[in-house]
């Protein structure tokens, strides 16, 4: 049943939360509150998720108790992902924990520090009614509530998104140049650890958007927005930049810069100046090392720089054609300037995606990745992208966990706002069985890139592998709702739903995955019939029969074969596949000790322990 407001609270604050619910409902606002509204017989966590999804607004009853409650943090996380407006009703004046700060740094809040509590809740009722309205006066009334001191806007103003710059040139072919200017300024802002800066992927969702600054800021969870435009005529460039307070629409700062591309240092200085001025306006502290990196002037000329920007405009699209075009531009630029490190870092990344996309075999792409990576590192050790890829190679290829962590930490020291690196560092932390650290990194990563489906997928994977199957399943289902054929999301559903014994969802996900192995509709119908008649184990035995036949002439990940053998209750066969996966260095082998990968039946097996020891993995405890 739909409700208007979901009330989140720590069980220690139960009396205060029930008072909030009572007074809001007396004021005609329907509320969802646990345990009252948990449907009898429904799992508690499932009931919470349903309650959030059925509500229009989320109220957090905030205190030192809720500040560190894992249950509350998960509820806030779900609400933010569901796009619900959040109001933080503060019962105590205590700083936000780091995990809650990821989500609540820029939301509205209302103080209820002094008794009587009922007086504050009546004010809250009025604010809630404004939020629930959809008329044109809604935003104005919310601003009035802020001006009157009833409602306040997030305490942390150091969060920002840079929207795609408008191409004001007469030539539409210059789009790559205006996008490049935006990305270069963004890259410099990323280096400031005292700022929360939204990733390019999420910001690019708003290219040519007709949404208001307030709407965009609310969706991205930031307090400020940078807008800009670029006009180019020949070598003359005009860059206009403005910083906007999303809460009030006030212009905090604006500037127009003119530059001549024949003197590229001027353009680079503009990018550096914009980043440092924005940080100053937001009162963010820049360390001496961050200042050095921001002010670093690339040593190249206009022709090479333009080729580099054109390459960047292609390599975010992971098709074979786009990656080939990006590679052509970079190879051409290297011929002109073989000493500029970003060109080699770019080629290493492109070859990595070429390999990941199976456009070239590992024995062709692998040496290219390493060759370009080493060249970039030799020329410039300050490129975060180089350390990120080194971390990934140490993780997936070399199985050198210590080296991987060192390289991830170097990446994040140079670029603390790198959402992708944080999410993949979370994956490494799971392998090292440091689950709490992994969850914190994954949550921060998602807050830095909230509109990116790839970030949501990695977040889902982290939740599943940390044992939070409910959250992992929920996020994967959100992705599948937008893209039913998303293979990776369906794979996460298979993992999470099996652990939750939601076998109908497992079989539904398998239907999307099995065509990869040339399993046709008629065969799937047979598998589904076996499941209905004999259960999930029997269904997976049938799946394994077909996969093994397919694998006679085609490559199938030994890790995946092992995982599905576990479901089919074939532990000896699962162990055989794991040993083959180790021999062939299957990258997924790194996850054999993770919570959400089904391998618990093998944990006490001497063969399994031997593989863990060879991989230098912490041996998990068997039941």
Taking each pair of distinct Cα atoms in the range 571-616 once, what is the resulting Kirkwood hydrodynamic radius in Å? 10.6
What base-10 log of the normalised intensity I(q)/I(0) is obtained for the range 266-327 from the Debye formula, alpha carbons as equal point scatterers, at q = 0.17, 0.20, 0.23, 0.27 Å⁻¹? -0.75, -0.84, -0.90, -1.02
Restricting the count to DSSP beta bridges whose residues both fall in the chain, what percent are antiparallel, rounded to a multiple of 5? 50
By the mean-Cβ-within-10 Å protection proxy, highest first, 529-541, 204-216, 4-16 rank as 4-16, 529-541, 204-216
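Before anything else, pin down the relative contact order of the range 169-296: Cα pairs under 8 Å, at least 6 apart, normalised by residue count, whole percent.
26
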Mind computing the radius of gyration and Dmax over the alpha-carbon atoms of the range 292-425? Å is fine for both. 14.5, 41
Between rounded, prolate and oblate, where does the range 5-153 land on the alpha carbon gyration tensor, with a ≥ b ≥ c its root eigenvalues, rounded for a/c under 1.5, else prolate if a/b exceeds b/c? rounded
Over all pairs of distinct alpha carbons, what does the Kirkwood formula give as the hydrodynamic radius of the range 235-357, in Å? 16.7
In bins 5 Å wide, starting from 0, what share of all Cα pairs of the range 140-232 does each bin hold, as a percent? 3, 12, 21, 20, 16, 11, 8, 5, 2, 1
Quick check: from the Cα gyration tensor, does the range 342-488 come out rounded (a/c under 1.5), prolate or oblate? prolate
Determine the distance separating the Cα centre of the range 253-293 from the Cα centre of the range 505-553; give it in Å without decimals. 57
Counting only helical runs of four or more DSSP H residues, what would the 222 nm mean residue ellipticity of the chain come to if each run contributes -39,500 (n - 2.57) and the total is spread over all its residues? -17500 deg cm²/dmol
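Please label the shape of the range 513-567 as rounded, prolate or oblate, based on the square roots a ≥ b ≥ c of the eigenvalues of the alpha-carbon gyration tensor (a/c under 1.5 means rounded; beyond that, a/b larger than b/c means prolate, else oblate).
Numbers: a/c = 2.49, a/b = 1.36, b/c = 1.82.
Judged from the Cα gyration tensor, the range 513-567 comes out oblate (a/c at least 1.5, b/c at or above a/b).
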Rounded to the nearest Å, what's the spacing between the alpha carbon centres of the range 174-233 and the range 53-101? Just the number, please. 27
In vacuo Debye scattering of the range 400-552, one point per C-alpha: log10 I(q)/I(0) at q = 0.08, 0.16 Å⁻¹? -0.28, -0.89
In Å, the C-alpha Rg and Dmax of the range 82-172 are 17.1, 63
Can you give the Rg to Rh ratio of the range 473-623, both from alpha-carbon atoms, with Rh computed by the Kirkwood formula? 0.96
How big is the range 159-294 on each of its three principal axes, counting only the C-alpha atoms and giving the largest first in Å? 39, 38, 25
Taking the number of other C-beta atoms within 10 Å as the exposure measure, put 32, 253 in order starting with the fewest. 253, 32
Could you tell me how far the Cα centroid of the range 411-430 sits from the Cα centroid of the range 112-140, in Å? 39
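Using Cβ counts within 10 Å as a stand-in for footprinting exposure, how do 612, 21 rank, fewest first?
So the residues, fewest neighbours to most, are 612, 21.
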How big is the chain in terms of Cα radius of gyration and Dmax, in angstroms? 26.2, 74
Measuring from the lowest to the highest alpha carbon on each principal axis, how far does the range 55-112 reach, largest first, in angstroms? 27, 21, 17
Tally the DSSP beta bridges in the range 159-294 and give the antiparallel ones as a percent, rounded to 5. 75
Listing 62, 425, 524 from the residue with the fewest other Cβ atoms within 10 Å to the one with the most, what is the order? 524, 425, 62
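Each reported figure results from applying straightforward, stated rules to the coordinates on display, with no laboratory input. Just so you know, these numbers come straight off a predicted model, no measurement behind them. Note that we place each Cβ from the backbone using ideal geometry, even for glycine, and neighbour counts take in every protein chain shown.
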